[in-house]
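The values are calculated or read from the model by the stated rules, or taken from the named source; none is laboratory data. Here the structure is a predicted model, which is why all the values come from computation and not from measurement. Positions of Cβ are backbone-derived with ideal geometry, glycine not excepted, and every protein chain shown enters the neighbour counts. Heavy atoms of the whole protein, side chains included, go into the accessibility calculation; ligands, DNA and RNA do not. Shrake-Rupley method; radii C 1.70, N 1.55, O 1.52, S 1.80 Å.
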Amino acid sequence: MADVKDKFAGRTLVREVQLPSRGRLYAGLSESGGSVRIAALTTLEEKIFAGSGNTPQSKLDMVLERCVDCGPLSPKDMIIGDRLFCLVHIRSLSYGDLYGFEFRCNGCGRQSRHELNLRESLPLVEADENFKEPYEITLPVAGKVVGLRYYRGSDEWKVAQFVEKSLRPGVPSVGDVGYVYRLARHIMTIDGQPPQFEADALRF
């Protein structure tokens, strides 16, 4: 059997971490407790961030694909919380744990600077053994029991495509065009039955 190629071969700044979800939603990752490897940015990834011609979403996806080794799972299929967790670790591994930023007080107009430790100052809540999909809620007015899934990076692409198809040149849009579709992406079951078509979840 051929040796499995190391995705980060030649890179020296690599860290192993456990995802907040503990991998419970991903086939093949729950056995390891959601353990993945993170690599620091190289100039190639910095070039992606600095370049034009790509949306912020596509830049994040490209960098996550290059800097996160999660076995057969694509970072696009991670839930949003796990993706953000990986981005924080990529940032701390690449430039250090301290993150400084400036802000202006809305009341007095004073400019201030604050620093936080990315690995110590940010609260982290890890999934327990009850963390699963779908999770069910009962709608208080309709009385329907709805099974929901967690939002993923790939959902952002679907929403962006939906918005692009929905917008018409010269016709002003009212509110967030993708809002209802974004909600529909969460729906797995309605009273125990999966929607037959995507349009059924959207109408619901």
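Scanning segment 1-33 for residues that are farther than 19 Å from residue 93 by Cα and in contact with a Leu (Cβ under 9 Å, 6 or more places away or on another chain), which turns out modelled with the lowest pLDDT? Per the criteria, the residue is 28.
Within segment 83-129, can you find the residues that are open to solvent by 90 Å² or more (accessible area, probe 1.4 Å), free of Cβ contacts under 8 Å to residues at least 40 places away in the same chain and of a type in the set (A, V, I, L, M)? If the condition is that a residue be open to solvent by 90 Å² or more (accessible area, probe 1.4 Å), free of Cβ contacts under 8 Å to residues at least 40 places away in the same chain and of a type in the set (A, V, I, L, M), then 84, 98 are the ones that fit.
Condition first: assigned to a loop (DSSP other than H, G, I, E, B) and more than 17 Å from the chain's Cα centre (by Cα). Now tell me which residues in segment 133-171 satisfy that.
Residues of segment 133-171 assigned to a loop (DSSP other than H, G, I, E, B): 133-134, 139-144, 149-151, 167-171.
134, 139, 140, 141, 142, 143, 144, 167, 168, 169, 170, 171 - these are the residues of segment 133-171 that are assigned to a loop (DSSP other than H, G, I, E, B) and more than 17 Å from the chain's Cα centre (by Cα).
Can residue 77 be described as in contact with a Phe, Trp or Tyr (Cβ under 9 Å, 6 or more places away or on another chain), open to solvent by 30 Å² or more (accessible area, probe 1.4 Å) and within 12 Å of residue 36 (Cβ to Cβ)? Taking the combined requirement at face value, the residue does not satisfy it.
For every residue, the table says whether it meets (1) in a loop (DSSP other than H, G, I, E, B); (2) within 26 Å of residue 127 (Cα to Cα); (3) under 15 Å from the mean Cα position of the chain (by Cα).
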position: 11; (1), (2), (3): yes, no, no
position: 20; (1), (2), (3): yes, yes, yes
position: 54; (1), (2), (3): yes, no, no
position: 84; (1), (2), (3): no, yes, yes
position: 87; (1), (2), (3): no, yes, yes
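Checking 50, 40 one by one, the residue that is among the small types (Gly, Ala, Ser) and either without any contact (Cβ under 8 Å) to a residue 24 or more places away in the chain or open to solvent by 70 Å² or more (accessible area, probe 1.4 Å) (or both) is 50 and no other.
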